[in-house]
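The next block holds one structure in the form of C-alpha coordinates; read it before the comments.
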Amino acid sequence: MDLSNLKPAKGSVRSKKRIGRGEGSGAGDTATRGHKGAKSRAGFSKKAGFEGGQMPLGRRVPKYGFTNRNRVAYQAVNLDALQKLVDNKKVDTVDLEVFIKNGLASKNEFVKILGRGKLTAKLNITAHAFSETAVKAIEANGGTVNRI
(Lines give C-alpha, C1' and ligand atoms only; values in the text may rest on other atoms or scores of the structure.)
Protein backbone atom coordinates (compact mmCIF):
# COMPACT_ATOMS: atom_id res chain seq x y z
CA MET A 1 0.00 0.00 0.00
CA ASP A 2 1.21 3.50 -0.81
CA LEU A 3 -0.20 7.03 -1.14
CA SER A 4 -1.38 6.46 -4.73
CA ASN A 5 -3.76 3.68 -3.56
CA LEU A 6 -5.51 5.63 -0.76
CA LYS A 7 -9.28 6.07 -1.14
CA PRO A 8 -12.04 7.02 1.29
CA ALA A 9 -14.17 4.15 2.62
CA LYS A 10 -16.94 3.02 0.28
CA GLY A 11 -20.12 5.06 0.85
CA SER A 12 -18.45 7.65 3.10
CA VAL A 13 -18.22 10.39 0.45
CA ARG A 14 -21.33 11.71 -1.27
CA SER A 15 -21.51 14.10 -4.19
CA LYS A 16 -22.68 17.65 -3.45
CA LYS A 17 -26.39 18.40 -3.98
CA ARG A 18 -26.55 20.72 -7.02
CA ILE A 19 -29.30 23.18 -6.17
CA GLY A 20 -31.16 25.29 -8.72
CA ARG A 21 -30.28 23.19 -11.78
CA GLY A 22 -33.76 22.62 -13.23
CA GLU A 23 -36.98 20.87 -12.27
CA GLY A 24 -35.70 17.41 -13.06
CA SER A 25 -33.05 17.60 -10.34
CA GLY A 26 -35.70 17.86 -7.63
CA ALA A 27 -34.06 21.03 -6.33
CA GLY A 28 -35.04 23.53 -9.03
CA ASP A 29 -37.81 26.20 -8.91
CA THR A 30 -37.20 27.93 -5.56
CA ALA A 31 -33.92 26.02 -5.05
CA THR A 32 -34.75 25.25 -1.39
CA ARG A 33 -34.99 28.98 -0.53
CA GLY A 34 -38.75 29.03 0.08
CA HIS A 35 -41.11 31.63 -1.43
CA LYS A 36 -40.53 35.40 -1.53
CA GLY A 37 -38.76 37.48 1.13
CA ALA A 38 -35.24 38.85 1.32
CA LYS A 39 -33.66 35.47 1.95
CA SER A 40 -34.99 34.09 -1.33
CA ARG A 41 -33.32 36.84 -3.42
CA ALA A 42 -29.90 36.74 -5.00
CA GLY A 43 -27.27 38.86 -3.27
CA PHE A 44 -29.00 38.84 0.12
CA SER A 45 -26.70 39.24 3.10
CA LYS A 46 -27.88 39.92 6.63
CA LYS A 47 -26.24 42.74 8.59
CA ALA A 48 -24.18 41.63 11.58
CA GLY A 49 -26.38 41.80 14.67
CA PHE A 50 -29.68 41.81 12.71
CA GLU A 51 -32.46 40.22 14.76
CA GLY A 52 -35.31 40.01 12.27
CA GLY A 53 -36.50 43.58 12.76
CA GLN A 54 -36.49 43.37 16.56
CA MET A 55 -34.38 46.10 18.18
CA PRO A 56 -30.89 44.53 18.25
CA LEU A 57 -29.11 43.87 21.53
CA GLY A 58 -26.43 46.44 20.75
CA ARG A 59 -29.09 49.15 20.59
CA ARG A 60 -31.30 47.86 23.46
CA VAL A 61 -28.48 48.04 26.00
CA PRO A 62 -27.54 51.57 27.08
CA LYS A 63 -24.08 53.07 26.61
CA TYR A 64 -22.05 53.02 29.78
CA GLY A 65 -18.70 54.55 30.79
CA PHE A 66 -15.73 55.17 28.58
CA THR A 67 -12.19 53.94 28.02
CA ASN A 68 -9.35 56.38 28.54
CA ARG A 69 -6.96 55.93 25.62
CA ASN A 70 -4.09 57.49 27.57
CA ARG A 71 -4.30 55.15 30.57
CA VAL A 72 -1.03 53.45 31.47
CA ALA A 73 -1.58 49.94 32.81
CA TYR A 74 1.06 48.76 35.29
CA GLN A 75 1.95 45.23 36.33
CA ALA A 76 1.85 45.32 40.13
CA VAL A 77 4.71 43.77 42.11
CA ASN A 78 4.48 43.84 45.90
CA LEU A 79 7.27 44.02 48.45
CA ASP A 80 6.54 40.50 49.70
CA ALA A 81 7.31 39.14 46.19
CA LEU A 82 10.64 41.00 46.24
CA GLN A 83 11.40 39.59 49.71
CA LYS A 84 10.80 36.07 48.36
CA LEU A 85 13.31 36.75 45.58
CA VAL A 86 15.86 37.85 48.16
CA ASP A 87 15.18 34.79 50.34
CA ASN A 88 15.54 32.37 47.42
CA LYS A 89 18.29 33.90 45.28
CA LYS A 90 20.14 36.52 47.32
CA VAL A 91 19.49 39.40 44.91
CA ASP A 92 20.70 42.88 45.84
CA THR A 93 19.60 44.80 42.73
CA VAL A 94 16.20 44.33 41.13
CA ASP A 95 15.51 45.62 37.61
CA LEU A 96 13.29 44.70 34.66
CA GLU A 97 15.41 41.70 33.70
CA VAL A 98 14.90 40.20 37.17
CA PHE A 99 11.11 40.73 36.92
CA ILE A 100 11.00 39.08 33.50
CA LYS A 101 13.28 36.18 34.47
CA ASN A 102 11.17 35.38 37.55
CA GLY A 103 7.81 35.70 35.79
CA LEU A 104 6.68 38.80 37.70
CA ALA A 105 6.22 40.80 34.47
CA SER A 106 6.57 40.38 30.72
CA LYS A 107 9.04 42.37 28.65
CA ASN A 108 6.48 44.89 27.30
CA GLU A 109 4.79 45.70 30.61
CA PHE A 110 5.31 48.70 32.87
CA VAL A 111 6.10 47.66 36.45
CA LYS A 112 4.85 49.39 39.59
CA ILE A 113 6.16 48.44 43.03
CA LEU A 114 3.43 48.36 45.70
CA GLY A 115 3.81 48.31 49.47
CA ARG A 116 2.09 45.07 50.56
CA GLY A 117 4.19 42.85 52.80
CA LYS A 118 7.46 43.44 54.65
CA LEU A 119 10.84 44.02 53.12
CA THR A 120 13.84 43.34 55.35
CA ALA A 121 16.59 43.40 52.72
CA LYS A 122 18.56 46.37 51.40
CA LEU A 123 17.63 46.51 47.71
CA ASN A 124 18.37 48.79 44.77
CA ILE A 125 15.15 48.65 42.75
CA THR A 126 14.56 49.96 39.24
CA ALA A 127 10.97 50.14 37.99
CA HIS A 128 8.55 52.43 36.16
CA ALA A 129 6.55 53.53 39.21
CA PHE A 130 6.42 53.16 43.01
CA SER A 131 3.72 53.67 45.60
CA GLU A 132 4.52 55.99 48.54
CA THR A 133 4.41 53.12 51.06
CA ALA A 134 6.78 51.05 48.93
CA VAL A 135 9.28 53.94 48.68
CA LYS A 136 9.19 54.44 52.47
CA ALA A 137 9.71 50.71 53.14
CA ILE A 138 12.59 50.40 50.66
CA GLU A 139 14.39 53.51 51.90
CA ALA A 140 13.84 52.53 55.56
CA ASN A 141 16.05 49.48 54.91
CA GLY A 142 18.74 51.56 53.22
CA GLY A 143 17.73 50.62 49.68
CA THR A 144 17.41 52.95 46.68
CA VAL A 145 14.54 53.64 44.30
CA ASN A 146 15.23 54.32 40.60
CA ARG A 147 12.38 55.35 38.32
CA ILE A 148 12.69 54.53 34.61
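The values are calculated or read from the model by the stated rules, or taken from the named source; none is laboratory data. All values reported here derive from a predicted model rather than from experimental measurement. Ideal geometry is used to build each Cβ from the backbone, glycine not excepted, and the neighbour counts take in all protein chains shown.
Things worth noting here:
- Any hit, the stretch 77-86, residues being closer than 17 Å to HIS128 by Cα, assigned to a helix (DSSP H, G or I) and β-branched (Val, Ile, Thr): no
- The conditions of being free of Cβ contacts under 8 Å to residues at least 24 places away in the same chain, touching a Ser or Thr at 6+ places or on another chain (Cβ under 9 Å) and either under 30 Å from ARG18 (Cβ atoms) or not in a helix (DSSP H, G or I) (or both) are not met by GLY103.
- All positions within the stretch 102-135 that are among the basic types (Lys, Arg) and surrounded by 12 or more Cβ atoms within 10 Å (Cβ to Cβ): LYS112, ARG116, LYS122
- Pair list, Cβ < 8 Å and 6+ apart or interchain, from the stretch 120-148 residues that are more than 17 Å from PHE99 (Cα to Cα) and in a loop (DSSP other than H, G, I, E, B) to residues that are modelled with pLDDT under 95 and of a type in the set (Ser, Thr, Tyr): ASN141/THR120
- If you check ARG71, ARG14, ARG21 for being at pLDDT 90 or above, within 19 Å of ALA129 (Cα to Cα) and part of a loop (DSSP other than H, G, I, E, B), only one passes: ARG71.
- Residues that are small (Gly, Ala, Ser) and either modelled with pLDDT of 90 or more or not in a loop (DSSP other than H, G, I, E, B) (or both) within the stretch 43-52 comprise GLY43, SER45, ALA48, GLY49, listed in sequence order.
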